[in-house]
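The values are calculated or read from the model by the stated rules, or taken from the named source; none is laboratory data. Values in this document were obtained by computation on a predicted structure and should not be read as measured data. Backbone-built Cβ (ideal geometry, glycine too); neighbour counts: all protein chains shown. Areas reflect the complete protein model, heavy atoms only, side chains present, ligands, DNA and RNA absent. Shrake-Rupley method; radii C 1.70, N 1.55, O 1.52, S 1.80 Å.
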Amino acid sequence: MKKRMTRERIAALVLTLAGVALAAALAYNPRMPGPSRMVDWMFRPAVVMIEQLSAKRSG
Amino acid sequence: MIEKGKISALQMGKMIYLAITPTAILTASGISFNFARQDLWLSPVWAFSGVIAVPVVLGLNRMFPDRSVVQTLRDTVGRLPGWVIGGALWLYYLYISGIVLREYGEFVVGAFLSDTPLIVVLGSLVLVCALAVRGGVEIVGRFADLFLPAFLLLFLLIVLLIIPDLHITYMMPILGDGILPSMKGSLVLQIWFGELSIAWFFLPHVSDRENAKKSLWITFGAIILTLVLSNLVTLLLLGELTGGYSFPFLILARYIDLAEFFAHLEALFMAIWVLGAFVKICVFFYITVIGAAEWMNLADYRPIVFPVALLLTLFGVWVAANYQEMTHTISTSLIPLSFTMFIVLPALIYAIARIRRPGSGNRYSSGRTRK
């Protein structure tokens, strides 16, 4: 039981530290590229295709 | 499973309805219009993602009735691949929760609280949601119970009051360019319909499992109907201007002026939106927290609620540089990503489970409830 609680405390600490690190990084550089840029890059071919569909339609 | 709470099938349906419609009403019509034009109102009918998502999650729940999502992944594809997919799924839910939160923040800051910093708007809602999520699935379910009637009442009130100002000619010619434009308009809506697969997380907690199938299909139909109605009234009021607004339905509420007495009803829309967004963010936040706790093999999810709340608030800020960038992401790259995570992944898991355990697909189809 005690071991389980330790595990949860460690998880909470790691997540908090990740949050603090992200907050510090965003405070230092508010223009830091976000996850959406990565998603755009991952699905680049699909993005181009969808953009073409939209452009054709809106003329 | 970490979560011990139980909800009814009806509560699950209400939670899912409120987890999909608020943002769909708010932003989807403006994005869909660029593809569908005057056939915008027809786009929600092509809800292919929902047609796949509902049977897949029901099938998965039939095969693994009392197993959580992460446990199902481990059982199906093995320990290490299950851990990797579970991690990816958690990160995806954190990201999509960030997008939902940012949509809420942009709307509140852009339309009402223009001097309030975005982080304050996001942080305050996440804090309230964190308190609800700590209460567990039952509390989130009761919030859905409580807010759904108010949400529907206010939504229908706005629709009714705008009727005198609608121009039926704005929807003509119906299917003028065939069926394809309305189908293209439904492309972005597949993100929202794919969100029906979040039922995968809630089905193991449903006490009257025999009603779950009916509840999910009714919810699916109600979502389609709501979106057809909201797209229709938006189109009939704004016509060609629909695509030019970030939040077309807000313009609708602002436009209402009945006998110079019922005017400036955007406060009503704000009420709808805050109630709806609260439940929506609670649902996605809950899934993110429970996903993280199961992924890390924790015995209790409550200790990580506030740390995840911090991460979620920051993701809300970090997810895109501005509203335009976020709308671009929603209307382009989020479509294939959501399709992969909401539809392809559960469908693949279901297919693998069926191949590995043939004949087990109908184990609980007779409506047997596991306690």
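Tabulated results
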| read-out | value |
| --- | --- |
| In segment A:9-31, residue most open to solvent (accessible area, probe 1.4 Å) [restricted to those that are facing another protein chain (nearest Cβ under 7 Å) and either among the aliphatic types (A, V, I, L, M) or outside any helix (DSSP H, G or I) (or both)] | A:31 |
| Helices (runs of 4 or more DSSP H) within segment B:1-75 that include 2 or more residues among the basic types (Lys, Arg) and surrounded by fewer than 21 Cβ atoms within 10 Å (Cβ to Cβ) | none |
| Some residue of segment B:92-108 being acidic (Asp, Glu) and surrounded by 22 or more Cβ atoms within 10 Å (Cβ to Cβ) | yes |
| Residue list for segment B:312-329, filter: open to solvent by 10 Å² or more (accessible area, probe 1.4 Å) and part of a helix (DSSP H, G or I) | B:313, B:314, B:315, B:317, B:318, B:323, B:324, B:325, B:327, B:328 |
| Residue list for segment B:52-79, filter: farther than 12 Å from residue B:347 by Cα, of a type in the set (Gly, Ala, Ser) and in contact with a Phe, Trp or Tyr (Cβ under 9 Å, 6 or more places away or on another chain) | B:68 |
| Matching residues in segment B:257-311 - criterion: being polar (S, T, N, Q) and open to solvent by 40 Å² or more (accessible area, probe 1.4 Å) | B:297 |
| Condition check for residue B:225: in contact with a helix residue (DSSP H, G or I) (Cβ under 6 Å, 6 or more places away or on another chain) and among the hydrophobic types (A, V, I, L, M, F, W, C) | no |
| Enumeration of residues in segment B:8-66 that are among the hydrophobic types (A, V, I, L, M, F, W, C) and touching a strand residue (DSSP E or B) at 6+ places or on another chain (Cβ under 8 Å) | B:9, B:12, B:15 |
| Scope segment B:245-266; condition touching a residue at least 24 places away in the same chain (Cβ under 8 Å) and assigned to a helix (DSSP H, G or I); matching residues | B:248, B:249, B:250, B:252, B:253, B:255, B:266 |
| Some residue of segment B:280-301 being under 16 Å from residue B:103 (Cβ atoms) and at the interface with chain A (Cβ under 10 Å from one of its Cβ atoms) | no |
| Among the residues listed as B:183, B:172, the single one being in contact (Cβ under 8 Å) with a residue 40 or more places away in the chain and within 14 Å of another protein chain (Cβ to nearest Cβ) | B:183 |
| Residue that is farthest from residue B:191 (Cα to Cα) [pool: residues in segment A:32-53 that are at pLDDT below 85 and open to solvent by 30 Å² or more (accessible area, probe 1.4 Å)] | A:52 |
| Members of segment B:192-230 found to be open to solvent by less than 10 Å² (accessible area, probe 1.4 Å) and outside any helix (DSSP H, G or I), listed by number | B:206 |
| In segment B:115-171, residue nearest to residue B:274 (Cα to Cα) [restricted to those that are open to solvent by 70 Å² or more (accessible area, probe 1.4 Å) and of a type in the set (Ser, Thr, Tyr)] | B:170 |
| Scope segment B:1-30; condition at pLDDT 90 or above and not small (Gly, Ala, Ser); matching residues | B:7, B:10, B:11, B:12, B:14, B:15, B:16, B:17, B:18, B:20, B:21 |
| Residue that is nearest to residue B:8 (Cα to Cα) [pool: residues in segment B:178-191 that are open to solvent by 10 Å² or more (accessible area, probe 1.4 Å) and under 19 Å from the mean Cα position of the chain (by Cα)] | B:190 |
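Let's see how each residue does on (1) within 20 Å of residue B:291 (Cβ to Cβ); (2) of a type in the set (S, T, N, Q):
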| position | (1), (2) |
| --- | --- |
| B:29 | no, yes |
| B:40 | no, no |
| B:83 | yes, no |
| B:96 | yes, no |
